[in-house]
Amino acid sequence: MTCNIQLLSILISFIFGIIFYFITYMNFKLIKNMKVLFQHIITFVYVIDMTIIYILIIYKFNKGYFHLYFITMVLLGFCLAYLLNNKILSKLIVNRHFKSIEK
């Protein structure tokens, strides 16, 4: 595998981690009012689907070679999106409270 393909795979893994976080966030928002058993089943199917999608994406770009640092980049992308989402949401919630106080 060439260096270009490895760098592209790392970038794709990082972006996939960010996208994975936001889709997971929306998944949890959508299923939060369901019964616990259904939440677990839907989450299990969701994780299996996302894993298969990631495997297919990596297979398309580098013929299916997996390295530990690809998975590490997915986790780093997921963690970065989590941190950014918390900072953005905390600012939005604060701004919403200030708008209600001004009225």
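The values are calculated or read from the model by the stated rules, or taken from the named source; none is laboratory data. Bear in mind that the values here come from a model prediction, so they are computed numbers and not experimental data. Cβ sites come from the backbone with ideal geometry, for glycine too, and all protein chains shown count toward neighbours. Keep in mind that these areas ignore ligands, DNA and RNA; they rest on the heavy atoms of the full protein, side chains included. Shrake-Rupley method; radii C 1.70, N 1.55, O 1.52, S 1.80 Å.
Some notes on this structure:
- Segments 9-22, 45-58 sorted - mean Cβ within 10 Å per residue, highest first: 9-22, 45-58
- In angstrom, the C-alpha Rg and Dmax of region 1-98 are 16.3, 53.
- Subtracting the Cα-Cα distance of I41 and Y82 from their residue separation scaled by 0.36 nm leaves 12.4 nm.
- Rolling a 1.4 angstrom probe over region 1-98 with all protein chains present gives an accessible area of which 78% lies on carbon and sulfur atoms.
- For the chain, the per residue solvent-accessible surface stands at 77 Å², with DNA, RNA and ligands left out and a 1.4 Å probe.
- Neighbour-limited loop hits for trypsin sites (Lys or Arg not before Pro), region 1-50 (at most 16 other Cβ within 10 Å; DSSP other than H, G, I, E, B): K32, K35
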